[in-house]
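The values are calculated or read from the model by the stated rules, or taken from the named source; none is laboratory data. This structure is a prediction, so every number in the text was calculated from the model and none was measured. Cβ coordinates were reconstructed from backbone atoms using ideal geometry, including for glycine residues, and neighbour counts include every protein chain displayed.
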Amino acid sequence: MRIPVKLISVDGPPPPGFDDAGSGGIETADGATLADVLARLGLPAGEAYATLINGEPVAAGERPRRRLKPGDSLTVFPPIKGGGQGGGRPRPPWAPPPLTAVKGRRRFSA
């Protein structure tokens, strides 16, 4: 059976048969699990990915047991990284400065 797959912001080039936007599909045996499909896509098992089947989240611990069926579609994306102060990329010039409020003598950052 063929499962439509959307890879969102996954590092590296898309797998064969996927367009540059990460849309494609994978042929899989009937009864294949979500973990089987992720392995076939070449996604490292130890990485933290969010997975959705038909728009519903599937927890990492459920992937080996979640069997795919005809009509299912899969979306995969890594966790959102970044934020916080220091490290990482510098704030772009168009981004507003961090919000701060002064209360008494303490300074709080949002």
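State whether the residues of the stretch 33-44 include one that is farther than 21 Å from P16 by Cα and not hydroxyl-bearing (S, T, Y). No, the stretch 33-44 contains no residue that is farther than 21 Å from P16 by Cα and not hydroxyl-bearing (S, T, Y). Of all residues being of a type outside the set (A, V, I, L, M) and surrounded by 10 or more Cβ atoms within 10 Å (Cβ to Cβ) in the stretch 69-89, which is modelled with the lowest pLDDT? Just the residue, please. Out of the qualifying residues, it is G88.
Among the residues making up the stretch 2-59, those that are modelled with pLDDT of 85 or more and polar (S, T, N, Q) are S23, T28, T33, T51, N54. For the stretch 97-105, does any single residue satisfy the condition of being among the small types (G, A, S) and either modelled with pLDDT of 75 or more or in contact with a Gly (Cβ under 9 Å, 6 or more places away or on another chain) (or both)? No, the stretch 97-105 contains no residue that is among the small types (G, A, S) and either modelled with pLDDT of 75 or more or in contact with a Gly (Cβ under 9 Å, 6 or more places away or on another chain) (or both). Here A35 meets the list (1) surrounded by 10 or more Cβ atoms within 10 Å (Cβ to Cβ); (2) hydrophobic (A, V, I, L, M, F, W, C); (3) under 13 Å from the mean Cα position of the chain (by Cα) almost entirely, failing just condition (3).
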